[in-house]
Amino acid sequence: MIRAVLDDLISARAAGTPVALATHLETGTQALVFADRSGGELDLDADTVAAARKAMVSDRGATVDTPAGRVFVHPFCPPARLIVVGAVHIAEPLVRIGALAGYGVTLVDPRRAFASRRPFEGFSVVDDWPDDALERLAPDPRTAVVTLTHDPKLDDAALGVALRSPAFYIGSLGSRKTHAARLHRLRKLGFADEDLARVHGPVGLDIGALSPAEIAVSIIAEITRTRRRAAVG
Amino acid sequence: MTGTEDILLCAAAWRKAGKGVALATVVSTWGSSPRPVGSQLAVDDRGDFVGSVSGGCIEGAVIKEALDAIETGRPRLLDFGVTNEQAWEVGLACGGKVQVFVERIE
């Protein structure tokens with residue numbers, strides 16, 4: 001790998017620009033493929049460029065048999081995102097485990113006294129009202145949204161925006177009873193049952209989690225299953 | 001594809017510091033293999049490394065090839081699998097197979 005390729009890869013990642021590295025597996029010559037352009041020492045045919053762009057969407061590397069030989073296309077995408085609404089107790093382990101699992105984590109809570117607490121130091125915190133925050137963060141198919149506040153004013157505001165987005169996972173903390181009441185309120189706001197079926201509640205896999213850390217594990221486990229089984233980016 | 005960023009940054013920093021550096025990347029897997037396609041390992045000319053391409057089963061062999069790649073500049077594609085009695089030494093105990101591409105950072 002020539003230095004220019006390594007430097008371009010690193011700066012694309014720093015800028016959050018999706019890119020794929022194409023490597024000829026015999027010669028080692030390489031090219032970079034961006035969403036709108038490609039280039040490098042390795043000449044790529046249209047099929048290989050298309051395969052590289054496909055890998056950038058699925059976030060999975062692949063080997064491609066080209067007329068010139070085998071080429072490995074290796075996507076380097078910005079991390080998938082986890083948006084956590086509510087700087088509550090469970091958020092403390094959730095933002096950490098989420099970051100460890102590779103997510104770019106953003107914590108949303110308009111209540112300064114909650115969000116500015118020490119456990120969240122070093123994490124990206126947005127103190128706007130959840131609907132404004134979520135509109136601005138614009139969840140995409142590589143984003144998970146989890147609400148934890150238990151406060152309908154805050155949770156419902158976030159869920160409304162999340163449900164209108166292509167977020168791959170939406171979860172909301174609360175008991176079965178709380179969840180039923182939540183769905184009832186959202187239905188009144190005009191969401192159909194098939195929309196509401198996207199909301200995982202009670203949130204997380206049923207592993208008998210009790211402590212905040214265990215609940216965070218169950219939530220990340222459910223997000224992982226949704227993302228990997230469905231093969232979304 | 002987590003952790004890849006740090007590996008590239010580390011490789012770049014080592015290179016900047018004047019070290020010889022090679023990068024190993026998992027390019028394909030069959031069956032159960034511990035690290036997914038795209039997993040990377042950076043190795044310097046003293047054999048220090050960051051990242052992983054398996055659960056630890058083949059790192060030793062990959063590092064050996066990486067050191068040779070640093071010296072000769074020749075990229076190579078390595079095949080690992082449970083193929084013979086030596087499986088426990090240079091193969092994957094899990095029964096999977098992986099292909100690892102090793103290249104020098106110029």
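Brief remarks follow.
- Of the residues in the range A:215-225, none is assigned to a loop (DSSP other than H, G, I, E, B) and either crowded, with 18+ Cβ neighbours inside 10 Å or modelled with pLDDT of 95 or more (or both).
- Test: residue A:57 is modelled with pLDDT under 90 and outside any loop (DSSP other than H, G, I, E, B): yes
- Just one residue in the set B:11, B:17 is modelled with pLDDT of 95 or more, surrounded by 18 or more Cβ atoms within 10 Å (Cβ to Cβ) and either away from chain A (no Cβ under 11 Å) or closer than 18 Å to residue A:30 by Cα (or both); that residue is B:11.
- Odd one out for residue B:28 among (1) assigned to a helix (DSSP H, G or I); (2) in contact with a strand residue (DSSP E or B) (Cβ under 6 Å, 6 or more places away or on another chain); (3) not aliphatic (A, V, I, L, M): (1)
- Near pairs, Cβ below 9 angstrom, 6+ apart or cross-chain, from the range A:134-153 (in the same structural domain as residue A:101 (by TED's automatic domain parsing)) to any residue that is small (Gly, Ala, Ser) and open to solvent by 40 Å² or more (accessible area, probe 1.4 Å): A:152/A:181
- Within the range B:34-78, tally of residues that are in a strand (DSSP E or B) and either of a type in the set (Lys, Arg) or farther than 21 Å from residue B:12 by Cα (or both): 3
- The range B:21-52, residues that are more than 15 Å from the chain's Cα centre (by Cα) and either among the small types (Gly, Ala, Ser) or buried (at least 21 other Cβ atoms within 10 Å of the Cβ) (or both): B:31, B:32
- Applying the set (1) modelled with pLDDT under 95; (2) more than 12 Å from chain B (Cβ to nearest Cβ) to residue A:18 leaves exactly one unmet item: (2).
- When the test is whether a residue is assigned to a loop (DSSP other than H, G, I, E, B) and open to solvent by 20 Å² or more (accessible area, probe 1.4 Å), residue A:210 passes it.
- Selection status of residue A:12, open to solvent by less than 60 Å² (accessible area, probe 1.4 Å), closer than 25 Å to residue B:73 by Cα and under 29 Å from the mean Cα position of the chain (by Cα): no
- Taken together, the residues in the range A:21-55 that are open to solvent by less than 20 Å² (accessible area, probe 1.4 Å) and either within 11 Å of another protein chain (Cβ to nearest Cβ) or among the aromatic types (Phe, Trp, Tyr) (or both) amount to 7.
- Filter pass, residue A:146 being hydrophobic (A, V, I, L, M, F, W, C), on the phi < 0 side of the Ramachandran plot and in contact with a Pro (Cβ under 8 Å, 6 or more places away or on another chain): no
- Failed condition for residue A:92, given (1) assigned to a helix (DSSP H, G or I); (2) closer than 30 Å to residue A:6 by Cα; (3) open to solvent by 20 Å² or more (accessible area, probe 1.4 Å); (4) not hydrophobic (A, V, I, L, M, F, W, C): (2)
- Test: residue in the range A:161-172 that is without any contact (Cβ under 8 Å) to a residue 24 or more places away in the chain and touching a strand residue (DSSP E or B) at 6+ places or on another chain (Cβ under 8 Å): no
The values are calculated or read from the model by the stated rules, or taken from the named source; none is laboratory data. Computed from a predicted model, the values in this text were never measured in an experiment. Cβ atoms come from the backbone with ideal geometry, glycine included; neighbour counts cover every protein chain shown. Just so you know, the surface numbers come from the protein's heavy atoms only, side chains and all, with ligands and any DNA or RNA stripped out. Shrake-Rupley method; radii C 1.70, N 1.55, O 1.52, S 1.80 Å.
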